[in-house]
1. Any idea what the dipole of the chain comes to, in debye rounded to 20, about its Cα centre with Lys/Arg Cβ at +1 and Asp/Glu Cβ at -1?
2. If amide H atoms are built 1.01 Å from N in the plane of the peptide, which residues on other chains or at least 5 residues away come under 5 Å of the amide H of Val37?
3. Amide H to amide H, which residues 5 or more places from Leu239 or on other chains are under 5 Å from it, using H placed in the peptide plane?
4. Just the number, please: carbon plus sulfur as a percent of the accessible area of the chain, 1.4 Å probe, no ligands or DNA/RNA counted.
5. What list of ³J(HN,Hα) values in whole Hz, one per residue of region 234-250 in order, does the Karplus curve 6.51 cos²θ - 1.76 cosθ + 1.60 (θ = phi - 60°) give from phi, with Gly and Pro shown as x?
6. Among DSSP beta bridges whose residues both lie in the chain, state the antiparallel percentage, nearest 5.
7. Hey, what's the Kirkwood Rh for region 260-355 if you take every pair of different alpha carbons, in angstrom?
8. State the percent of C-alpha pairs, over all pairs in the chain, separated by a distance greater than 36 angstrom.
Amino acid sequence: MFKIAVLPGDGIGPEVIEEGLKVLSAIEDKYKLKFDVKKYPFGGEAIDKYGVPYPEETKNACLSSDAVLLGAVGGHKWDDLEGDKRPEAGLLALRKSLGVYANLRPAVLYPPLKEASPLKNELLQEGLDILVVRELTGGIYFGPRGTVAIDYGFKAYDTEVYQTSEIERIAVIAFEAALKRKKKVTSVDKANILDSSRLWRKTVEEISKRYPDVELNHMYVDNCAMQLIKNPSQFDVILTSNMFGDILSDEASQLTGSIGMLPSASLREDKVGLYEPIHGSAPDIAGTKKANPLATILSVAMMLEYSFDLIDAANDIKDAVNKVLEAGYRTFDLGKGIILNTQEMGDKVVEYVKG
Ligand code: NAD
Ligand code: IPM
Ligand code: MN
């Protein structure tokens, strides 16, 4: 029996997680499976209850599970806490403790959402299917940082650090993924400025020699941000660092209609994974039932695929999402259509999963 630790978190986190779990139980019924699903406090909710964002009980549960499903964390209430005490610090600790260094963020345009994309239709002729492979447990998120008093005010610093082995293993993930797709990797860096990027580029070049069938090109991150809008169909797999991947995946998500559409899987060598929508806790819409649960529902599909090898079940969810959108149902972030609230959208997906 697969064991799943569920961390609903803050803001819209618990709202979208509820819908993800609904769909998971529809899959249980359909395929006569039984998942062991338990919720644990995490993020701001855990700070309020236990004073820390990633309590021991939650950590033990996550470390002994087959998969972790996360909503989102953070909110204004905790914004003034010191950096290492914030909900977001708990998220970094979670990723690090699980060792999930490979964050896959598929930016896929579901055909019925063409009108919801801000791109002109002519740019979407070939559809849009980009896999952002984001390094997740290194880089500037984890390098030395600090704030020190100086003569006038303060000096604050954060450090981008990458070592060869970290770049190699994420590059392998990107090339392997490309082999199963259009066989193209675009490695994104800032090698015209940063030493860490020059090591990144050199290391990716070395790994690429093992993959003669995969085309590799390099692109500076500023150009990539622009090219995503100018000509998104040039991309297949985007391989990049923790910070650049964070930014570029939010940008890519909007090309697919909304950030509320983008799921993610964070993986390591074995089958254990962390699954979460790429969006945050959206305090501006929390409690209004406006949150789009599809990113979380699609994260459940990624969990079924990557951690449990339940490919048919994963495809059922993706098909159901497409059918729901084809039938004209939308959450408010997706523009015109039959507007549903968060729960109604979850119910619709369940209806189509059942078939
Ligand atoms: P956000 O992703 O929460 O929201 C950005 C914008 O997108 C908002 O206008 C929001 O309403 C909208 N949005 C996000 N998800 C949506 C959904 N499912 N449906 C419809 N609209 C959606 O980013 P932010 O506002 O910069 O950050 C809010 C808080 O979330 C901060 O505390 C931040 O640190 C945290 N955050 C957490 C995670 C995470 O837990 N993985 C990710 C990003 C941000
Ligand atoms: C994300 C978020 C997180 C990140 C924050 C909340 C730590 O933006 O998952 O994309 O930057 O990784
Ligand atoms: Mn982000």
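The values are calculated or read from the model by the stated rules, or taken from the named source; none is laboratory data. This one's a predicted model, so the numbers in the text were calculated from it and none came from an experiment. Neighbour counts run over all protein chains shown; Cβ positions are idealised from the backbone, glycine included. Ligands, DNA and RNA are stripped out before the accessible areas are found, and what is left, the full protein with its side chains, is counted by its heavy atoms. Shrake-Rupley method; radii C 1.70, N 1.55, O 1.52, S 1.80 Å.
1. The calculation lands at about 440 debye.
2. Placed amide hydrogens put Ile4 under 5 Å from Val37.
3. For Leu239, whose amide H was placed from the backbone, the distant partners under 5 Å are Val133, Thr186, Ser187, Val188.
4. For the chain, the apolar C and S fraction of the accessible surface comes to 53 percent.
5. Result, rounded to whole Hz: 6, 9, 10, 10, 9, 9, 7, 6, 4, 5, 5, x, 4, 6, 5, 6, 5.
6. 40
7. 13.8
8. It works out to 19 percent of all Cα pairs.
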